[in-house]
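The values are calculated or read from the model by the stated rules, or taken from the named source; none is laboratory data. Only a predicted model underlies this, so the values are computations on that prediction, with no experimental measurement involved. Cβ: placed from backbone, ideal geometry, glycine included. Neighbour counts: every protein chain shown. Side chains are part of the model used for accessible areas, which takes the heavy atoms of the whole protein and leaves out ligands, DNA and RNA. Shrake-Rupley method; radii C 1.70, N 1.55, O 1.52, S 1.80 Å.
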Amino acid sequence: GSYGGYMMCWLASRKDTPFKCFMNMCGVYNTQSQLASDFYTWQGLWGENVAQDWDELRKYNPAEYARNFSRPMLIIHGEKDYRVPYTQALECYHAHKLSGTYAKLVLFPDENHWIVGPDSYRTYNEEMLKFWKMHLLKLRAGPL
């Protein structure tokens with residue numbers, strides 16, 4: 001989740017990705033639109049204003065390389081996530097659809113940056129296991 005979700009978007013956007021599928025939970029997909037979140041409050045801690053360096057933002061922005069999406073992705077997000085707004089999940093999902101790559105979007109209306117409610121957490125785990133079974137177990141020969 002969170003930065004790990006960003007990394008899944010980044011790895012999925014690489015032409016040479018060796019991975020068969022990805023799961024993105026509450027991750028940043030578009031670094032430029034992420035600036036509308038609470039990101040700006042943390043900039044000073046990094047010692048520079050990254051919002052002024054658009055080239056650097058684009059360089060590490062998975063959205064810039066979405067044309068390379070070729071692997072399935074499960075996208076899970078809480079609609080009350082104000083750190084990484086759920087619009088990041090919508091952007092990622094639609095980019096996969098536009099590229100013709102399988103994606104499943106699971107939104108939790110009452111969850112925030114972490115999926116913690118008992119019913120939500122159960123659904124989260126069920127969706128994750130279904131996704132792994134659909135996209136990884138079919139690749140294996142024999143039982144786990």
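Computed extension length for E126-Y82: 13.4 nm, one decimal, from 0.36 nm per residue of separation with the Cα-Cα distance subtracted. A simple spin-label model places pseudo-atoms 7 Å from Cα toward Cβ; at L90 and D119 they are separated by 2.4 nm. Sorting K15, K80, K20 on solvent-accessible area from highest to lowest, probe radius 1.4 Å, gives K15, K20, K80. Each Lys or Arg adds one and each Asp or Glu subtracts one; over the other residues with Cβ under 12 Å from the Cβ of T31, this totals -3.
Students often get this wrong, so check it: of K15/K59; K20/K104; K80/K133; K20/K130, which have C-alpha atoms separated by over 19 Å? Can you show the working numbers first?
Working: K15/K59 15 Å; K20/K104 15 Å; K80/K133 29 Å; K20/K130 15 Å.
Checking Cα-Cα distances, K80/K133 exceed 19 Å.
Give me the net charge for the shell around H96: Cβ to Cβ below 12 angstrom, other residues only, Lys and Arg +1, Asp and Glu -1. Value of the local net charge: +3.
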